[in-house]
Amino acid sequence: MFDLYDIEWVNAAYQLLAFFVLLLLLKKFAFGPIMDMMEKRENHVAEQISSAEKNREEAEKYLEEQREAIQQARVEAKEIVENSKKMSEQQAAEIVQNARDESARMKETAKQDIQNEKAQAISALREQVSTLSVLVASKVIEKELDEQDQEKLIEDTLKEVGEDL
Amino acid sequence: MDTQYLKVDLFGVPWLTFNIPNAIMITVAMAIVFFVCFFMSRKIQMYPSGAQNAMEYLVQFIKNIISSTMDWDRGKNFLMLGITIILYVFVANMLGVPFELATAEEHYVWWNSPTSNPVLTISLAAFVIILTHVYGLKLKGPKEYGKDYFRPAFFMAPFKVVEDFANTLTLGMRLYANVYAKEVIMMMIVGLGAATIGFWTFAAFIPLVVFQAFSVFIGTLQAFIFCMLTMVYMSHKVNEEH
């Protein structure tokens, strides 16, 4: 019922040979390049992911740095504003003080001047009075005068003096 | 209506029987597989599109089958084998679905599924089983390979030997029987429709369509099973631990 000669050995061998050839051809022309590309893509993706990760870390670091810098700048700005405020206040105080001093000094000088003028005037008056008295005395001595003349003389002299003054 | 094949004995040697239509069908199946894959992989880019996606999906699919049975560093040797097996068996199964050619009087078959021939399926199965032994020797070394026959106990050795033959037979027979049965039933439905011009010519149409759809399903499933079992048997021989 089962004859070994019936088995198609040639077909079996042909199929296996063809199968093997097909395998090699597929590998060379179709699936080899595709698998290569798949592997390349896998590596590419892995690379991209790792680089993205690195970039993210770097960006975070930069962000942190920037934040710190901003914080610092803020502190500095505050300091500067405070300083300038303090300085301006100080300056204003100084200016006011200066003005006050200046006015006080001016007042003092004016007072001094007045004093001087006054002293000068007094001394001039004194001189005048002394010369006048000498004049009066000399006049009195020059002439023995009667009462009427004397009166007149004094009147004249005083008028003279008055004109002088 | 028995189907028969045009056979010749090469060089007149009785055991060099050559089944001509079957050889043609093998060639056709392999040519289809090769050319389809060839033209689908002409444009390979880093960013895949169209056909390349389909091919990569297939590669990924076989990868998943392999990694479900063994480590990938061993399994990567069999990726190409798995792809070729599943494509060839699938196309071979599909060839008989749309039509079958035979001469009118003697029913010499000229076009059918090559996998409906037991010689081809069993020889393919034997090839796979022999390959598992080859890779078992190659990847584990002769010592480990020999020891495997006596695991988990020494009396398992005869069973292991029997297992190989049983595996060969079942792997080939399963494929052959499915496809052959499909062809027989298909022929019966078509025969019913063609026997007389009349009611049955139209009545047989609907079951034929249904059965063709079922044949596509069977063919796909059997191709998948053949590939899957190849990897399972391979993993038995190749894996370190069970």
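The values are calculated or read from the model by the stated rules, or taken from the named source; none is laboratory data. Keep in mind the model is a prediction, meaning the values are calculated, not measured. Cβ coordinates were reconstructed from backbone atoms using ideal geometry, including for glycine residues, and neighbour counts include every protein chain displayed.
Per-residue answers, yes or no, for (1) in a helix (DSSP H, G or I); (2) small (Gly, Ala, Ser); (3) under 21 Å from the mean Cα position of the chain (by Cα):
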| position | (1), (2), (3) |
| --- | --- |
| B:Arg42 | no, no, no |
| B:Phe61 | yes, no, yes |
| B:Arg74 | yes, no, no |
| B:Ile83 | yes, no, yes |
| B:Val91 | yes, no, yes |
| B:Thr115 | yes, no, yes |
| B:Ala125 | yes, yes, yes |
| B:Val128 | yes, no, yes |
Out of segment B:60-88, which residues are at the interface with chain A (Cβ under 10 Å from one of its Cβ atoms) and buried (at least 18 other Cβ atoms within 10 Å of the Cβ)? B:Ile62, B:Lys63, B:Leu79, B:Met80, B:Leu81, B:Ile83, B:Thr84, B:Ile85, B:Leu87, B:Tyr88
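Just name the residue that is nearest to B:Tyr88 (Cα to Cα) out of those in segment A:27-39 that are surrounded by 12 or more Cβ atoms within 10 Å (Cβ to Cβ) and either more than 7 Å from chain B (Cβ to nearest Cβ) or of a type in the set (A, V, I, L, M) (or both).
Ranking the qualifying residues of segment A:27-39, first place goes to A:Ala30.
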Would you mention how many residues in segment B:37-47 are touching a residue at least 40 places away in the same chain (Cβ under 8 Å) and more than 9 Å from chain A (Cβ to nearest Cβ)? 0
How many residues, within segment B:113-135, are surrounded by fewer than 23 Cβ atoms within 10 Å (Cβ to Cβ) and of a type in the set (Ser, Thr, Tyr)? 2
Regarding B:Lys147, is this residue out of contact with any strand residue (DSSP E or B) (no Cβ under 8 Å at 6 or more places or on another chain), among the basic types (Lys, Arg) and closer than 20 Å to B:Leu221 by Cβ? no
Would you be able to say whether some residue in segment A:48-61 is surrounded by 10 or more Cβ atoms within 10 Å (Cβ to Cβ) and within 14 Å of another protein chain (Cβ to nearest Cβ)? yes
Residue check, B:Trp110 touching a helix residue (DSSP H, G or I) at 6+ places or on another chain (Cβ under 7 Å) and either charged (D, E, K, R) or surrounded by fewer than 16 Cβ atoms within 10 Å (Cβ to Cβ) (or both): yes
Consider B:Tyr149 carefully, then state whether it is touching a Lys or Arg at 6+ places or on another chain (Cβ under 6 Å), assigned to a helix (DSSP H, G or I) and more than 23 Å from B:Ile86 (Cβ to Cβ). yes
Can you tell me which condition B:Asn53 does not meet? The list is (1) in contact with a helix residue (DSSP H, G or I) (Cβ under 7 Å, 6 or more places away or on another chain); (2) within 13 Å of another protein chain (Cβ to nearest Cβ), and all the others hold. (1)
Does segment B:126-154 hold any residues that are within 12 Å of B:Asn167 (Cα to Cα) and either away from every other protein chain (no Cβ under 14 Å) or in contact (Cβ under 8 Å) with a residue 60 or more places away in the chain (or both), and which are they? B:Val128, B:Ile129, B:Thr132
Among (1) over 24 Å from B:Phe61 (Cα atoms); (2) modelled with pLDDT of 85 or more, B:Cys227 falls short only on (1)
